[in-house]
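Notes follow the structure.
Just so it is clear, none of the values below were taken in a lab; they were calculated from the coordinates. Model, not experiment: these values are computed from the prediction. FYI the Cβ positions are ideal-geometry reconstructions off the backbone, even for glycines, and counts take in every protein chain you see.
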Amino acid sequence: MKILILFVLFIIFLSFPKFLAAKTAPSCYSHPGGSYCQYNGYVRQIYVNSGNLILMYFEKALDVSVAADVGLDVTNGGAGMIKISDNPEFAKMFYSTALAAQASKRKVIVQLRRSGSYLTIDRIWLDEERVEN
């Protein structure tokens, strides 16, 4: 019976970090070259529509007052956006990178600038960290 209890505790211990993992929201920074926000986390959801828009949803929404503190006016902090027609080649590469991150359970780092309904994503990194199942 002790072995069974130890085994169950071991399994719980291995899964414990998943329960403790805090959801990540973007952070915002003032910079001489222009203020920006940065998200380091997982792609919660990605959305593409026929209206020329890609939205990548964050694990936890950006508090829009944090963006306002660095001069970025945004009304929706739940996602970052890319208008496909602004740079179709970047939009394709961004979308494929975000999908690869989601499929491989790896984090991304994205930077967001220009204000509007959503902040605009203008770069992405695929992190090396993986989530173990």
Amide H neighbours of residue 127 under 5 Å, at least 5 residues apart or on other chains, H built in the peptide plane: list them. 107, 108, 109
Whole-Hz Karplus ³J(HN,Hα) for the stretch 57-63, in order, using 6.51 cos²θ - 1.76 cosθ + 1.60 and θ = phi - 60°, x for Gly and Pro? 8, 8, 4, 9, 5, 5, 6
Karplus-derived 3J(HN,Hα), 6.51/-1.76/1.60, for each residue of the stretch 91-101, Hz, glycine and proline x: 4, 5, 5, 4, 4, 5, 5, 5, 5, 4, 5
Sorted by chain and number, the residues with a modelled amide H under 5 Å from that of residue 58, at a separation of 5 or more or across chains, are 79, 80
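Taking 0.36 nm per residue of separation and subtracting the Cα-Cα distance, what length does fully extending residue 46 through residue 120 add?
25.2 nm
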Sorting check: for 87-94, 44-51, 105-112, which peptide has the highest mean count of neighbouring beta carbons within 10 Å, and how do the rest follow? 105-112, 87-94, 44-51
